[in-house]
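The values are calculated or read from the model by the stated rules, or taken from the named source; none is laboratory data. All of these numbers come straight from a predicted model, not from anything done at the bench. Don't worry about glycine lacking a Cβ; one is built from the backbone with ideal geometry, like all the others, and counts go over all protein chains shown.
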Amino acid sequence: MAQQDGRFGPVGIIDIGSNSIRFVAYGGDPRVPAVLFNEKVMAGLGQGLDEGGMLAADAMERALHALQRFKLLARHLKLTRVQTVATAAVRDAGNGAAFMRKITALGFEPLLLPGAEEAQLAGLGVLSAIPDANGLAGDLGGGSLELVRISRGAVGECISLPLGVLRMAPETIRVGALAASIAQSLRGTALIRGGARRPLYLVGGSWRSLGLIEMHFSGHPLPIVHQHVMTPDRIRELRHQLLASDRDSLRAIRALSGSRIPTLPAAAALLEALTRVIEPSALVICSYGLREGLLFRDLDDADRTTDPLHAAARDVGQRYGRFDDHGDLLERWIAPIFADDSPATQRLRLAACLLADIAWGAHPDFRAERAVDMAVHGNWVGIDAPGRAMLGLTLFTTFGGTHGFDERLAGLCTLDERRRAQHWGLAMRLGQRLSGGVAAPIEATSLKRRANLLTLCLPGRWSSLGGEAVVRRHRQLAAAMGNEARLAFD
(Lines give C-alpha, C1' and ligand atoms only; values in the text may rest on other atoms or scores of the structure.)
Protein backbone atom coordinates (compact mmCIF):
# COMPACT_ATOMS: atom_id res chain seq x y z
CA MET A 1 0.00 0.00 0.00
CA ALA A 2 2.83 2.44 0.81
CA GLN A 3 4.63 4.20 -2.01
CA GLN A 4 8.35 4.87 -2.29
CA ASP A 5 7.95 8.42 -0.96
CA GLY A 6 6.25 7.11 2.19
CA ARG A 7 2.78 8.10 1.04
CA PHE A 8 0.06 5.60 0.25
CA GLY A 9 -3.11 5.27 -1.73
CA PRO A 10 -5.28 6.96 -2.36
CA VAL A 11 -7.54 4.14 -1.19
CA GLY A 12 -11.22 3.98 -0.37
CA ILE A 13 -13.41 2.20 2.16
CA ILE A 14 -17.16 1.77 1.84
CA ASP A 15 -18.77 0.82 5.14
CA ILE A 16 -22.31 -0.52 4.70
CA GLY A 17 -23.72 -0.19 8.19
CA SER A 18 -27.16 -0.72 9.66
CA ASN A 19 -27.85 3.00 9.90
CA SER A 20 -25.56 4.65 7.36
CA ILE A 21 -23.42 3.89 4.36
CA ARG A 22 -20.18 5.82 4.35
CA PHE A 23 -17.56 6.24 1.66
CA VAL A 24 -14.17 7.57 2.72
CA ALA A 25 -11.09 8.10 0.54
CA TYR A 26 -7.73 8.20 2.32
CA GLY A 27 -4.23 9.22 1.32
CA GLY A 28 -1.04 10.68 2.75
CA ASP A 29 0.86 9.03 5.57
CA PRO A 30 -0.17 5.39 6.04
CA ARG A 31 0.05 5.65 9.85
CA VAL A 32 -2.28 8.66 10.07
CA PRO A 33 -4.20 8.65 6.79
CA ALA A 34 -5.66 11.96 5.67
CA VAL A 35 -9.32 11.98 4.67
CA LEU A 36 -9.51 13.12 1.07
CA PHE A 37 -13.25 12.63 0.71
CA ASN A 38 -15.99 11.62 3.15
CA GLU A 39 -19.69 11.15 2.46
CA LYS A 40 -22.47 9.50 4.43
CA VAL A 41 -25.89 8.35 3.27
CA MET A 42 -28.45 7.44 5.95
CA ALA A 43 -29.92 4.43 4.15
CA GLY A 44 -31.39 2.90 7.31
CA LEU A 45 -30.88 -0.70 6.23
CA GLY A 46 -31.48 -1.88 9.79
CA GLN A 47 -34.73 0.04 10.22
CA GLY A 48 -37.51 -2.40 11.00
CA LEU A 49 -35.26 -5.42 10.61
CA ASP A 50 -36.46 -6.99 13.84
CA GLU A 51 -40.11 -6.94 12.74
CA GLY A 52 -39.73 -8.87 9.52
CA GLY A 53 -36.12 -9.99 9.48
CA MET A 54 -35.66 -8.54 5.99
CA LEU A 55 -33.97 -5.48 4.54
CA ALA A 56 -36.63 -3.05 3.32
CA ALA A 57 -36.86 -2.54 -0.44
CA ASP A 58 -36.66 1.27 -0.22
CA ALA A 59 -33.60 1.10 2.07
CA MET A 60 -31.83 -1.24 -0.35
CA GLU A 61 -32.69 1.06 -3.24
CA ARG A 62 -31.18 4.06 -1.42
CA ALA A 63 -28.12 2.03 -0.59
CA LEU A 64 -27.57 0.79 -4.15
CA HIS A 65 -28.05 4.29 -5.55
CA ALA A 66 -25.43 5.60 -3.12
CA LEU A 67 -23.06 2.79 -4.07
CA GLN A 68 -23.37 3.65 -7.75
CA ARG A 69 -22.40 7.23 -6.96
CA PHE A 70 -19.48 6.08 -4.82
CA LYS A 71 -18.23 3.80 -7.58
CA LEU A 72 -18.17 6.68 -10.05
CA LEU A 73 -16.41 8.95 -7.57
CA ALA A 74 -13.85 6.26 -6.74
CA ARG A 75 -12.91 5.96 -10.40
CA HIS A 76 -12.44 9.70 -10.82
CA LEU A 77 -10.58 10.01 -7.51
CA LYS A 78 -8.20 7.40 -9.01
CA LEU A 79 -8.31 5.21 -5.95
CA THR A 80 -5.87 2.32 -6.09
CA ARG A 81 -8.17 0.10 -4.07
CA VAL A 82 -11.67 0.16 -2.59
CA GLN A 83 -12.59 -2.11 0.31
CA THR A 84 -16.32 -2.63 0.73
CA VAL A 85 -17.59 -4.14 3.98
CA ALA A 86 -21.08 -4.82 5.33
CA THR A 87 -22.03 -5.32 8.96
CA ALA A 88 -24.95 -6.23 11.24
CA ALA A 89 -28.05 -5.38 9.19
CA VAL A 90 -26.89 -7.27 6.11
CA ARG A 91 -25.43 -10.02 8.29
CA ASP A 92 -28.73 -10.63 10.09
CA ALA A 93 -31.24 -10.10 7.30
CA GLY A 94 -32.96 -12.97 5.59
CA ASN A 95 -32.34 -11.29 2.23
CA GLY A 96 -28.82 -10.15 3.11
CA ALA A 97 -27.15 -12.62 0.73
CA ALA A 98 -29.34 -11.43 -2.13
CA PHE A 99 -28.45 -7.82 -1.33
CA MET A 100 -24.75 -8.71 -1.35
CA ARG A 101 -25.17 -10.18 -4.84
CA LYS A 102 -26.67 -6.89 -6.00
CA ILE A 103 -23.67 -5.04 -4.61
CA THR A 104 -21.35 -7.44 -6.43
CA ALA A 105 -23.27 -6.83 -9.66
CA LEU A 106 -22.35 -3.14 -9.39
CA GLY A 107 -18.68 -4.09 -9.64
CA PHE A 108 -17.74 -4.19 -5.96
CA GLU A 109 -16.17 -7.07 -4.04
CA PRO A 110 -18.09 -6.75 -0.77
CA LEU A 111 -17.02 -8.54 2.39
CA LEU A 112 -19.64 -9.47 4.97
CA LEU A 113 -17.95 -9.09 8.35
CA PRO A 114 -18.77 -11.58 11.11
CA GLY A 115 -19.58 -9.94 14.43
CA ALA A 116 -16.27 -10.97 15.98
CA GLU A 117 -14.25 -9.49 13.13
CA GLU A 118 -16.27 -6.27 13.30
CA ALA A 119 -15.43 -6.02 17.00
CA GLN A 120 -11.73 -6.70 16.38
CA LEU A 121 -11.55 -4.04 13.67
CA ALA A 122 -13.18 -1.49 15.97
CA GLY A 123 -10.58 -2.35 18.60
CA LEU A 124 -7.76 -1.93 16.09
CA GLY A 125 -9.21 1.43 15.14
CA VAL A 126 -9.03 2.56 18.76
CA LEU A 127 -5.44 1.31 19.08
CA SER A 128 -4.54 3.14 15.88
CA ALA A 129 -5.68 6.44 17.44
CA ILE A 130 -4.85 5.78 21.11
CA PRO A 131 -1.87 3.38 21.14
CA ASP A 132 -1.74 3.03 24.93
CA ALA A 133 -5.47 2.26 25.26
CA ASN A 134 -6.14 -0.31 27.98
CA GLY A 135 -9.71 -1.33 28.68
CA LEU A 136 -12.74 -2.13 26.55
CA ALA A 137 -13.72 -0.66 23.20
CA GLY A 138 -17.43 -0.46 22.50
CA ASP A 139 -18.64 0.16 18.94
CA LEU A 140 -22.31 1.08 18.74
CA GLY A 141 -24.01 0.94 15.36
CA GLY A 142 -27.53 0.78 14.06
CA GLY A 143 -27.82 -2.99 14.36
CA SER A 144 -25.28 -4.17 16.91
CA LEU A 145 -22.96 -3.36 19.79
CA GLU A 146 -19.45 -4.78 19.63
CA LEU A 147 -17.26 -5.04 22.72
CA VAL A 148 -13.58 -5.96 22.60
CA ARG A 149 -10.75 -6.04 25.14
CA ILE A 150 -7.75 -3.94 24.11
CA SER A 151 -4.39 -3.65 25.84
CA ARG A 152 -0.66 -3.56 25.01
CA GLY A 153 -1.40 -2.70 21.40
CA ALA A 154 -3.49 -5.80 20.72
CA VAL A 155 -7.12 -6.87 20.65
CA GLY A 156 -8.38 -9.72 22.78
CA GLU A 157 -11.70 -11.31 23.65
CA CYS A 158 -14.72 -9.81 21.90
CA ILE A 159 -18.47 -10.16 21.49
CA SER A 160 -21.17 -8.80 19.21
CA LEU A 161 -24.59 -8.08 20.73
CA PRO A 162 -27.85 -7.35 18.81
CA LEU A 163 -28.29 -4.00 20.54
CA GLY A 164 -28.08 -1.36 17.82
CA VAL A 165 -29.91 1.96 18.10
CA LEU A 166 -32.28 1.04 15.24
CA ARG A 167 -33.43 -2.07 17.10
CA MET A 168 -34.68 -0.08 20.08
CA ALA A 169 -37.74 2.11 20.59
CA PRO A 170 -36.64 4.84 23.05
CA GLU A 171 -40.05 5.04 24.70
CA THR A 172 -39.90 1.36 25.70
CA ILE A 173 -36.32 1.29 26.97
CA ARG A 174 -35.78 0.44 30.63
CA VAL A 175 -32.15 0.95 31.57
CA GLY A 176 -32.27 -1.58 34.41
CA ALA A 177 -33.67 -4.32 32.20
CA LEU A 178 -31.16 -3.45 29.48
CA ALA A 179 -28.30 -3.68 31.96
CA ALA A 180 -29.54 -7.09 33.11
CA SER A 181 -29.66 -8.29 29.49
CA ILE A 182 -26.11 -7.07 28.81
CA ALA A 183 -24.84 -8.71 32.01
CA GLN A 184 -26.45 -11.98 30.99
CA SER A 185 -24.86 -11.80 27.53
CA LEU A 186 -21.42 -11.16 29.03
CA ARG A 187 -21.66 -13.94 31.59
CA GLY A 188 -18.97 -16.51 30.88
CA THR A 189 -16.65 -13.97 29.26
CA ALA A 190 -13.82 -12.01 30.84
CA LEU A 191 -15.05 -8.72 29.40
CA ILE A 192 -16.60 -7.36 32.61
CA ARG A 193 -13.43 -8.06 34.54
CA GLY A 194 -11.30 -6.69 31.69
CA GLY A 195 -13.28 -3.45 31.58
CA ALA A 196 -13.83 -2.78 35.28
CA ARG A 197 -11.97 0.28 36.59
CA ARG A 198 -10.45 0.85 33.17
CA PRO A 199 -11.51 3.25 30.41
CA LEU A 200 -14.34 2.36 28.08
CA TYR A 201 -13.50 3.66 24.60
CA LEU A 202 -16.60 4.73 22.70
CA VAL A 203 -16.73 4.19 18.94
CA GLY A 204 -19.47 5.03 16.47
CA GLY A 205 -21.41 8.07 15.34
CA SER A 206 -24.12 7.84 17.99
CA TRP A 207 -21.68 7.87 20.90
CA ARG A 208 -19.54 10.57 19.26
CA SER A 209 -22.72 12.65 19.06
CA LEU A 210 -23.32 12.11 22.78
CA GLY A 211 -19.79 13.38 23.37
CA LEU A 212 -20.50 16.52 21.35
CA ILE A 213 -23.68 17.14 23.33
CA GLU A 214 -21.90 16.65 26.66
CA MET A 215 -19.20 19.12 25.60
CA HIS A 216 -21.91 21.62 24.65
CA PHE A 217 -23.82 21.28 27.92
CA SER A 218 -20.64 21.45 30.02
CA GLY A 219 -19.22 24.44 28.15
CA HIS A 220 -16.01 22.65 27.18
CA PRO A 221 -13.55 25.15 25.69
CA LEU A 222 -12.21 22.86 22.96
CA PRO A 223 -14.90 21.44 20.64
CA ILE A 224 -12.87 18.44 19.45
CA VAL A 225 -14.58 15.24 20.42
CA HIS A 226 -11.72 12.76 19.92
CA GLN A 227 -10.35 11.67 23.31
CA HIS A 228 -12.95 13.74 25.13
CA VAL A 229 -13.31 12.16 28.57
CA MET A 230 -16.54 11.80 30.55
CA THR A 231 -17.15 10.32 33.97
CA PRO A 232 -19.47 7.29 33.98
CA ASP A 233 -21.89 8.96 36.39
CA ARG A 234 -22.32 11.84 33.91
CA ILE A 235 -24.29 9.65 31.49
CA ARG A 236 -27.49 9.42 33.51
CA GLU A 237 -27.59 13.21 33.85
CA LEU A 238 -26.79 13.62 30.16
CA ARG A 239 -29.60 11.26 29.17
CA HIS A 240 -32.11 13.32 31.12
CA GLN A 241 -30.76 16.55 29.62
CA LEU A 242 -31.14 15.00 26.20
CA LEU A 243 -34.74 13.93 26.81
CA ALA A 244 -35.58 17.45 28.03
CA SER A 245 -34.06 19.13 24.95
CA ASP A 246 -36.01 19.92 21.79
CA ARG A 247 -34.70 19.01 18.37
CA ASP A 248 -34.04 22.62 17.30
CA SER A 249 -31.76 23.26 20.28
CA LEU A 250 -29.84 20.07 19.53
CA ARG A 251 -29.49 20.97 15.87
CA ALA A 252 -27.74 24.17 16.93
CA ILE A 253 -24.88 22.19 18.51
CA ARG A 254 -21.72 22.50 16.47
CA ALA A 255 -20.79 19.44 14.37
CA LEU A 256 -23.81 17.43 15.54
CA SER A 257 -25.50 15.66 12.63
CA GLY A 258 -29.25 16.19 12.63
CA SER A 259 -29.75 12.68 11.29
CA ARG A 260 -28.33 11.27 14.55
CA ILE A 261 -30.78 13.08 16.84
CA PRO A 262 -33.64 10.52 16.71
CA THR A 263 -31.37 7.68 17.84
CA LEU A 264 -29.58 9.55 20.64
CA PRO A 265 -31.97 8.56 23.47
CA ALA A 266 -31.38 4.90 22.66
CA ALA A 267 -27.61 5.48 22.45
CA ALA A 268 -27.62 7.20 25.84
CA ALA A 269 -29.70 4.47 27.45
CA LEU A 270 -27.39 1.77 26.08
CA LEU A 271 -24.36 3.60 27.40
CA GLU A 272 -25.89 4.07 30.83
CA ALA A 273 -26.79 0.38 30.98
CA LEU A 274 -23.33 -0.68 29.81
CA THR A 275 -21.58 1.49 32.41
CA ARG A 276 -23.70 -0.11 35.15
CA VAL A 277 -22.48 -3.53 34.05
CA ILE A 278 -18.85 -2.78 33.22
CA GLU A 279 -18.17 -0.09 35.86
CA PRO A 280 -15.41 1.60 33.84
CA SER A 281 -13.12 4.28 35.27
CA ALA A 282 -13.85 6.74 32.46
CA LEU A 283 -15.57 7.09 29.11
CA VAL A 284 -13.29 8.13 26.26
CA ILE A 285 -14.64 9.13 22.85
CA CYS A 286 -12.64 7.77 19.90
CA SER A 287 -13.06 9.20 16.41
CA TYR A 288 -11.40 6.16 14.81
CA GLY A 289 -13.24 2.90 14.35
CA LEU A 290 -13.81 0.04 11.96
CA ARG A 291 -12.60 1.82 8.82
CA GLU A 292 -9.37 2.97 10.41
CA GLY A 293 -9.03 -0.51 11.89
CA LEU A 294 -9.04 -1.94 8.37
CA LEU A 295 -6.21 0.39 7.37
CA PHE A 296 -4.29 -0.28 10.59
CA ARG A 297 -4.57 -4.03 10.08
CA ASP A 298 -2.90 -3.66 6.67
CA LEU A 299 0.21 -1.97 8.10
CA ASP A 300 3.44 -3.79 8.74
CA ASP A 301 4.74 -4.04 12.30
CA ALA A 302 7.11 -1.08 11.94
CA ASP A 303 4.36 1.26 10.79
CA ARG A 304 1.96 0.01 13.46
CA THR A 305 4.37 0.93 16.23
CA THR A 306 4.95 4.45 14.90
CA ASP A 307 3.50 7.10 17.20
CA PRO A 308 0.48 8.59 15.36
CA LEU A 309 0.95 12.02 16.91
CA HIS A 310 4.57 12.18 15.82
CA ALA A 311 3.76 10.84 12.37
CA ALA A 312 1.13 13.53 11.82
CA ALA A 313 3.23 16.31 13.35
CA ARG A 314 6.23 15.32 11.24
CA ASP A 315 4.11 15.29 8.10
CA VAL A 316 2.62 18.74 8.83
CA GLY A 317 5.99 20.13 9.89
CA GLN A 318 7.60 19.01 6.64
CA ARG A 319 4.79 20.46 4.56
CA TYR A 320 4.66 23.87 6.27
CA GLY A 321 8.18 24.26 7.64
CA ARG A 322 11.29 25.41 5.84
CA PHE A 323 13.93 22.95 6.97
CA ASP A 324 14.17 19.15 6.82
CA ASP A 325 14.70 17.32 10.13
CA HIS A 326 14.59 20.65 11.98
CA GLY A 327 12.13 19.40 14.60
CA ASP A 328 14.10 16.29 15.59
CA LEU A 329 17.34 18.28 15.85
CA LEU A 330 15.68 20.99 17.90
CA GLU A 331 14.17 18.49 20.33
CA ARG A 332 17.54 16.80 20.90
CA TRP A 333 19.11 20.23 21.48
CA ILE A 334 16.64 21.36 24.19
CA ALA A 335 16.20 17.93 25.82
CA PRO A 336 19.18 18.17 28.26
CA ILE A 337 17.60 21.06 30.18
CA PHE A 338 14.33 19.15 30.59
CA ALA A 339 15.73 15.93 31.99
CA ASP A 340 12.89 15.66 34.50
CA ASP A 341 10.19 15.42 31.82
CA SER A 342 8.22 12.17 32.04
CA PRO A 343 8.07 9.87 28.98
CA ALA A 344 4.54 11.14 28.22
CA THR A 345 5.72 14.73 28.47
CA GLN A 346 8.81 14.02 26.34
CA ARG A 347 6.45 12.66 23.69
CA LEU A 348 4.49 15.90 23.65
CA ARG A 349 7.70 17.97 23.62
CA LEU A 350 8.87 16.19 20.47
CA ALA A 351 5.52 16.85 18.78
CA ALA A 352 5.89 20.56 19.60
CA CYS A 353 9.39 20.64 18.12
CA LEU A 354 8.21 18.91 14.95
CA LEU A 355 5.69 21.74 14.56
CA ALA A 356 8.14 24.50 15.52
CA ASP A 357 8.23 26.15 12.09
CA ILE A 358 4.65 25.70 10.88
CA ALA A 359 3.55 29.34 11.05
CA TRP A 360 6.54 31.09 9.46
CA GLY A 361 4.51 31.82 6.30
CA ALA A 362 1.87 33.83 8.18
CA HIS A 363 2.01 37.60 8.62
CA PRO A 364 4.65 38.33 11.31
CA ASP A 365 2.05 39.99 13.56
CA PHE A 366 -0.14 36.89 13.54
CA ARG A 367 2.30 33.99 13.55
CA ALA A 368 1.66 33.12 17.19
CA GLU A 369 -2.11 33.03 16.62
CA ARG A 370 -1.67 30.96 13.45
CA ALA A 371 0.55 28.48 15.28
CA VAL A 372 -1.98 28.11 18.10
CA ASP A 373 -4.81 27.46 15.66
CA MET A 374 -2.84 24.76 13.83
CA ALA A 375 -1.62 23.13 17.04
CA VAL A 376 -4.84 23.16 19.02
CA HIS A 377 -7.27 22.42 16.19
CA GLY A 378 -5.03 20.13 14.13
CA ASN A 379 -6.43 16.81 12.99
CA TRP A 380 -4.31 14.89 15.49
CA VAL A 381 -4.92 11.61 17.28
CA GLY A 382 -3.03 10.22 20.23
CA ILE A 383 -3.48 13.48 22.15
CA ASP A 384 -6.11 14.66 24.62
CA ALA A 385 -7.46 18.16 25.30
CA PRO A 386 -4.81 19.13 27.91
CA GLY A 387 -2.14 17.92 25.49
CA ARG A 388 -3.55 20.11 22.72
CA ALA A 389 -3.55 23.08 25.07
CA MET A 390 0.10 22.45 26.02
CA LEU A 391 1.00 22.14 22.35
CA GLY A 392 -0.77 25.41 21.57
CA LEU A 393 0.86 27.29 24.44
CA THR A 394 4.30 25.99 23.48
CA LEU A 395 3.98 27.21 19.91
CA PHE A 396 2.37 30.47 21.00
CA THR A 397 5.54 31.13 23.00
CA THR A 398 7.83 29.88 20.23
CA PHE A 399 6.37 32.40 17.80
CA GLY A 400 6.76 35.29 20.22
CA GLY A 401 3.37 35.34 21.93
CA THR A 402 3.48 36.83 25.41
CA HIS A 403 -0.09 37.88 26.24
CA GLY A 404 -3.46 36.86 24.88
CA PHE A 405 -3.37 33.08 24.98
CA ASP A 406 -6.91 31.81 25.59
CA GLU A 407 -7.25 31.39 29.35
CA ARG A 408 -10.02 28.83 28.96
CA LEU A 409 -7.67 26.67 26.89
CA ALA A 410 -4.82 27.24 29.31
CA GLY A 411 -7.16 26.17 32.10
CA LEU A 412 -7.20 22.65 30.68
CA CYS A 413 -3.61 22.31 31.94
CA THR A 414 -2.18 22.38 35.42
CA LEU A 415 -0.04 25.36 36.42
CA ASP A 416 3.09 23.19 36.16
CA GLU A 417 2.10 22.07 32.65
CA ARG A 418 1.56 25.68 31.58
CA ARG A 419 4.98 26.69 32.89
CA ARG A 420 6.64 23.73 31.22
CA ALA A 421 4.99 24.53 27.87
CA GLN A 422 6.23 28.12 28.08
CA HIS A 423 9.74 26.94 28.95
CA TRP A 424 9.72 24.60 25.94
CA GLY A 425 8.58 27.45 23.73
CA LEU A 426 11.32 29.79 24.96
CA ALA A 427 13.96 27.07 24.49
CA MET A 428 12.72 26.35 20.96
CA ARG A 429 12.70 30.08 20.23
CA LEU A 430 16.32 30.33 21.36
CA GLY A 431 17.36 27.34 19.26
CA GLN A 432 15.74 28.72 16.14
CA ARG A 433 17.34 32.15 16.54
CA LEU A 434 20.75 30.61 17.27
CA SER A 435 20.71 28.26 14.28
CA GLY A 436 18.69 30.06 11.65
CA GLY A 437 16.84 26.77 11.30
CA VAL A 438 19.77 24.87 9.79
CA ALA A 439 21.47 21.80 11.17
CA ALA A 440 25.16 22.64 11.68
CA PRO A 441 24.83 25.26 14.46
CA ILE A 442 22.37 23.06 16.38
CA GLU A 443 24.68 20.06 16.07
CA ALA A 444 27.78 22.02 17.16
CA THR A 445 26.33 23.85 20.17
CA SER A 446 24.51 22.77 23.30
CA LEU A 447 22.41 23.82 26.27
CA LYS A 448 23.20 22.63 29.79
CA ARG A 449 21.46 23.18 33.10
CA ARG A 450 23.27 22.59 36.37
CA ALA A 451 22.42 24.00 39.78
CA ASN A 452 21.18 27.52 39.07
CA LEU A 453 23.07 27.98 35.79
CA LEU A 454 21.63 27.67 32.30
CA THR A 455 24.67 27.46 30.04
CA LEU A 456 24.72 27.99 26.29
CA CYS A 457 27.88 26.37 24.92
CA LEU A 458 29.32 27.97 21.76
CA PRO A 459 32.65 26.18 21.22
CA GLY A 460 35.50 27.39 19.04
CA ARG A 461 34.52 28.91 15.72
CA TRP A 462 30.85 28.92 16.74
CA SER A 463 31.38 31.61 19.38
CA SER A 464 30.27 34.36 16.98
CA LEU A 465 26.74 32.91 17.02
CA GLY A 466 26.25 34.59 20.39
CA GLY A 467 24.81 37.79 18.97
CA GLU A 468 22.54 40.22 20.78
CA ALA A 469 19.28 38.47 19.81
CA VAL A 470 20.64 35.10 20.95
CA VAL A 471 21.89 36.52 24.26
CA ARG A 472 18.52 38.16 24.86
CA ARG A 473 16.55 34.95 24.26
CA HIS A 474 18.99 32.95 26.35
CA ARG A 475 18.41 35.34 29.27
CA GLN A 476 14.63 35.20 28.81
CA LEU A 477 14.69 31.40 29.02
CA ALA A 478 17.00 31.38 32.04
CA ALA A 479 14.87 33.92 33.90
CA ALA A 480 11.68 31.97 33.20
CA MET A 481 13.29 28.82 34.60
CA GLY A 482 14.69 30.62 37.66
CA ASN A 483 18.29 30.29 36.48
CA GLU A 484 21.22 32.54 35.68
CA ALA A 485 22.28 32.71 32.02
CA ARG A 486 25.88 31.82 31.21
CA LEU A 487 27.77 31.62 27.91
CA ALA A 488 30.63 29.13 27.52
CA PHE A 489 33.08 29.26 24.61
CA ASP A 490 35.20 26.17 25.19
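Residues checked against (1) among the charged types (D, E, K, R); (2) surrounded by 14 or more Cβ atoms within 10 Å (Cβ to Cβ):
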| position | (1), (2) |
| --- | --- |
| 365 | yes, no |
| 392 | no, yes |
| 420 | yes, yes |
| 427 | no, yes |
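Give the stretch 244-260 a look and list any residue that's assigned to a loop (DSSP other than H, G, I, E, B) and hydrophobic (A, V, I, L, M, F, W, C), or say none.
Answer for the stretch 244-260, where residues must be assigned to a loop (DSSP other than H, G, I, E, B) and hydrophobic (A, V, I, L, M, F, W, C): 244, 252, 253, 255, 256.
May I ask you to list pairs of residues, at least six apart or on different chains, whose Cβ atoms are under 6 Å apart, with the first in the stretch 115-129 being within 14 Å of residue 157 (Cβ to Cβ) and the second being among the acidic types (Asp, Glu) and not in a helix (DSSP H, G or I)?
119/146; 122/139; 122/146
Restricting attention to the stretch 31-88, and to residues there that are part of a loop (DSSP other than H, G, I, E, B) and basic (Lys, Arg), which single residue is surrounded by the most Cβ atoms within 10 Å (Cβ to Cβ)?
Step by step, filter the stretch 31-88, then rank; the result is 31.
Do we have residue 202 as at negative phi and assigned to a helix (DSSP H, G or I) here?
no
So, of the residues in the stretch 303-358 that are within 27 Å of residue 448 (Cα to Cα) and hydroxyl-bearing (Ser, Thr, Tyr), which turns out to be surrounded by the fewest Cβ atoms within 10 Å (Cβ to Cβ)?
Applying the filter and picking the extreme gives 342.
How about the stretch 148-165: which of its residues are touching a residue at least 60 places away in the same chain (Cβ under 8 Å) and either surrounded by fewer than 24 Cβ atoms within 10 Å (Cβ to Cβ) or part of a strand (DSSP E or B) (or both)?
Within the stretch 148-165, 153, 160, 162, 163 meet the criteria.
Consider residue 224 against the criteria (1) part of a loop (DSSP other than H, G, I, E, B); (2) surrounded by fewer than 21 Cβ atoms within 10 Å (Cβ to Cβ); (3) aliphatic (A, V, I, L, M): it satisfies all of them except one. Which criterion is unmet?
Only one criterion is unmet by residue 224, namely (2).
Residue-by-condition table, conditions (1) of a type in the set (Phe, Trp, Tyr); (2) assigned by TED's automatic domain parsing to the domain that holds residue 423; (3) assigned to a loop (DSSP other than H, G, I, E, B); (4) touching a Pro at 6+ places or on another chain (Cβ under 7 Å):
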{"position": "319", "(1), (2), (3), (4)": "no, yes, no, no"}
{"position": "328", "(1), (2), (3), (4)": "no, yes, no, no"}
{"position": "333", "(1), (2), (3), (4)": "yes, yes, no, no"}
{"position": "350", "(1), (2), (3), (4)": "no, yes, no, no"}
{"position": "360", "(1), (2), (3), (4)": "yes, yes, yes, no"}
{"position": "365", "(1), (2), (3), (4)": "no, yes, no, no"}
{"position": "368", "(1), (2), (3), (4)": "no, yes, no, no"}
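Filter the stretch 169-194 for residues that are β-branched (Val, Ile, Thr) and at pLDDT below 95; which is farthest from residue 277 (Cα to Cα)?
172
With respect to the numbered conditions (1) of a type outside the set (D, E, K, R); (2) surrounded by 19 or more Cβ atoms within 10 Å (Cβ to Cβ); (3) closer than 30 Å to residue 377 by Cα, which one is the sole condition not fulfilled by residue 458?
(3)
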